[in-house]
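Asker: Structure provided below as structure tokens; questions to follow.
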Amino acid sequence: LAKTTQPISMDSYEGQEVNITCSHNNIATNDYITWYQQFPSQGPRFIIQGYKTKVTNEVASLFIPADRKSSTLSLPRVSLSDTAVYYCLVATNAGNNRKLIWGLGTSLAVNP
Amino acid sequence: EAGVAQSPRYKIIEKRQSVAFWCNPISGHATLYWYQQILGQGPKLLIQFQNNGVVDDSQLPKDRFSAERLKGVDSTLKIQPAKLEDSAVYLCASRKPGLAKDTQYFGPGTRLTVL
């Protein structure tokens, strides 16, 4: 099963762009990369998912290089409310059942 | 659209006692998941249901944990007897077929403290 590695914590300031990079060296051909956000005392919330190149939605952008061994979540102009834990996940077909492998996540602190 | 509902939100018990958690997924979501999240860690999948059938329970400690989803809608997770290391947040999530792959909707969780 593919595993992910991402920084434990990051600090930023309001209005800055934040890029969180995740490595997944043994990603398989049919794996997708998915990012979730979790606020304290809440369940995780789906942010974005991609397979290759670039994906953008109203919340974030996801950049995936050609070798797919890493990916970068980009949050434009963060605000205090973006302070949360961000999880990079690779979903893999284990025995014909898709399974998300959750790591420790990146704790992002946005300062005023 | 109502989100995933869980109850209770908080529960405090003593070790060796029993406890049950309830989850009502989003209407129409056939897939239901129970996760355990220990403080400072990511969620750990305990069990996955597709309608009322178990798809994956490989990480469920079956000697003390059990879960059911009898009518393919709401679900209960039980711990009997509880141990100190079961203190965690128990998250329920659901997924609707046809959504983008791996889009799971999570409930607020039940925070369990075992004394």
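Asker: Give the residue list of trypsin sites (Lys or Arg not before Pro) in the stretch A:1-71 that are DSSP loop and have at most 16 other beta-carbon atoms within 10 angstrom.
Answerer: Hits after loop and neighbour filter: A:LYS3, A:LYS52, A:LYS69.
Asker: At a Cα cut-off below 21 Å, give the lysines reachable from A:LYS99, other chains included and same-chain residues fewer than 8 away excluded.
Answerer: The reachable lysines, counting only those whose Cα sits under 21 Å from A:LYS99, are A:LYS3, A:LYS52, A:LYS69, B:LYS44, B:LYS62, B:LYS96, B:LYS101.
Asker: For the stretch B:1-70, with equal point scatterers placed on the C-alpha atoms only and solvent neglected, what are the log10 I(q)/I(0) values from the Debye formula at q = 0.16, 0.20, 0.21 1/Å, to two decimals?
Answerer: -0.66, -1.03, -1.12
Asker: Where nothing but the Cβ of Lys and Arg (+1) and of Asp and Glu (-1) is charged, how large is the charge dipole of chain B around its Cα centre, in debye to the nearest 20?
Answerer: 160
Asker: OK, next. Computed from the mean reciprocal separation of all distinct C-alpha pairs, what Kirkwood hydrodynamic radius does the stretch A:5-112 have, in Å?
Answerer: 14.1
Asker: If you keep only loop residues by DSSP, which trypsin sites (Lys or Arg not before Pro) in the stretch B:1-61 have at most 16 other Cβ atoms within 10 Å of their Cβ?
Answerer: Those satisfying the criteria are B:ARG9, B:LYS15, B:ARG16.
Asker: Mind checking the dipole of the protein assembly as shown: about its Cα centre, +1 per Lys or Arg Cβ, -1 per Asp or Glu Cβ, Debye to the nearest 20?
Answerer: Result for the protein assembly as shown is approximately 500 debye, rounded to the nearest 20.
Asker: Tell me, what is a quarter of the convex hull surface for the C-alpha atoms of the protein assembly as shown, in nm² with one decimal?
Answerer: So the mean shadow area of the Cα hull is 12.6 nm².
Asker: Something else: Charges at C-beta only: +1 for Lys and Arg, -1 for Asp and Glu. How large is the resulting dipole of chain A about its Cα centre, in Debye rounded to 20?
Answerer: Taking the Cα centre of chain A as origin, the dipole is about 460 debye.
Asker: Taking each residue of B:103-114 in turn, how many C-beta atoms of other protein chains fall within 10 Å of its C-beta, and what is the average?
Answerer: 3
Read-outs throughout are calculated quantities, based only on the coordinates presented, and are distinct from any laboratory measurement. In this text, all values refer to a predicted model and were calculated from it rather than measured experimentally. Heads up, the Cβs are rebuilt from the backbone with ideal geometry, glycines too, and the neighbour counts pull from every protein chain shown.
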